[in-house]
1. Of all residues in region 115-142, count the ones that are small (Gly, Ala, Ser) and within 23 Å of Arg280 (Cα to Cα).
2. Taking region 173-186, which residues are open to solvent by 10 Å² or more (accessible area, probe 1.4 Å) and among the polar types (S, T, N, Q)?
3. Return the total of residues in region 136-172 being within 17 Å of Ala47 (Cα to Cα) and open to solvent by less than 10 Å² (accessible area, probe 1.4 Å).
4. Can you find, within region 219-246, the residue that is nearest to the chain's Cα centre (by Cα) among those that are under 13 Å from Ile63 (Cα atoms) and of a type in the set (A, V, I, L, M)?
5. Pick from Asp104, Asp109: which is acidic (Asp, Glu) and either modelled with pLDDT of 95 or more or open to solvent by less than 20 Å² (accessible area, probe 1.4 Å) (or both)?
6. Please go through region 268-288 and pick out each residue that is open to solvent by less than 50 Å² (accessible area, probe 1.4 Å) and farther than 14 Å from Pro119 by Cβ.
7. I need every pair where a residue in region 88-109 that is at negative phi and without any contact (Cβ under 8 Å) to a residue 60 or more places away in the chain has its Cβ under 6 Å from the Cβ of a residue that is among the charged types (D, E, K, R) and open to solvent by 10 Å² or more (accessible area, probe 1.4 Å), sequence separation at least 6 or different chains.
8. Small (Gly, Ala, Ser) and either open to solvent by less than 10 Å² (accessible area, probe 1.4 Å) or touching a strand residue (DSSP E or B) at 6+ places or on another chain (Cβ under 7 Å) (or both), is that true of Ala47?
Amino acid sequence: MKKLLHVLVATALGITSLLARAEDPNALRAKYAELREPLRSNSFGRAIHINSTETNDVLTGDIYAVLDYPFKTVSESLKGPGDWCDIMLLPFNTKYCHANGAGDAVTLDVRIGRKFDQPVQDAYQIDFAYKAVAASADYLESRLTAATGPLGTRNYRIAISAVPLDNGKSFMHLSYSYGYGFAGRLAMQAYLSTAGASKVGFSSAGKTASGEPVLIGGMRGAIERNVMRYYLAIDSYLVSQSASPQQRVDKQISTWFNATERYARQLHEMDRAQYVSMKRAEYERAQTALN
């Protein structure tokens, strides 16, 4: 039970659920117009907007972001399952990701574990079905789905969609969700009352008597930390594309760690040397399919 609790927490906090409703380019452009002001002026120091919900035993997190890259760059960099694995490996508790199959039968073998170095055989396996929904000159959408996870969690979904903006940048929506039952709720509540008791998210849950914002906690706080980790992973992957092929993995690792440290209250887990060493080994391991 203790091992499964760690796995559930890792799954819920660090990787993998993502995804979403069907979207279309017009709806995404309308969302950009709606969010133009909060994207321009916020506390993140980036053009992003985070939202989370918890309804009917389903947790959902969404992040909308302006990416500082032309749409063609975004589309070409995020067009395949291998790109997803490079992105998903960056958070602390993803131990392994490898794409298998071809065409309409591609799956990602993802292993989720604890936040420190851990043998991959001790991590929990989730098989994600990969689907490239759209890849046109003005719209990109990809999804990952998994029916089941640890401790009765279910319906893991990941989606990213993007459209070009007039200023040579791109607007992206990253969304994730998963459902949970009684056992999953108990495990998460146990985590949130112990190791996760001081953790917070990014949204404001109100203000103190002195007017300071109170950041949301609990399961929604966990979802918000997770979606931020994955947004930063996508951005770090895009940054790395300007490096030589031999330097890209190190560029991804370094950029992601630096970016998460800007939000250390929510995202700090370990020191740089430990993270870099762990991730280099995990990226090398991911080049080979596990037996």
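1. Residues in region 115-142 being small (Gly, Ala, Ser) and within 23 Å of Arg280 (Cα to Cα): 1 in total.
2. Matches in region 173-186: Ser177 only.
3. Count: 7.
4. Among those that are under 13 Å from Ile63 (Cα atoms) and of a type in the set (A, V, I, L, M), it is Val227.
5. When all the criteria are applied, what remains is Asp109.
6. Listed by number, the residues that qualify are Met270, Tyr275, Val276, Lys279, Tyr283, Ala286.
7. Within 6 Å, the pairs are Thr107/Asp127.
8. For Ala47, the condition - small (Gly, Ala, Ser) and either open to solvent by less than 10 Å² (accessible area, probe 1.4 Å) or touching a strand residue (DSSP E or B) at 6+ places or on another chain (Cβ under 7 Å) (or both) - is met.
The values are calculated or read from the model by the stated rules, or taken from the named source; none is laboratory data. Computed from a predicted structure; not experimentally measured. Note that we place each Cβ from the backbone using ideal geometry, even for glycine, and neighbour counts take in every protein chain shown. Calculation scope for accessible area: heavy atoms of the full protein, side chains included, ligands and nucleic acids excluded. Shrake-Rupley method; radii C 1.70, N 1.55, O 1.52, S 1.80 Å.
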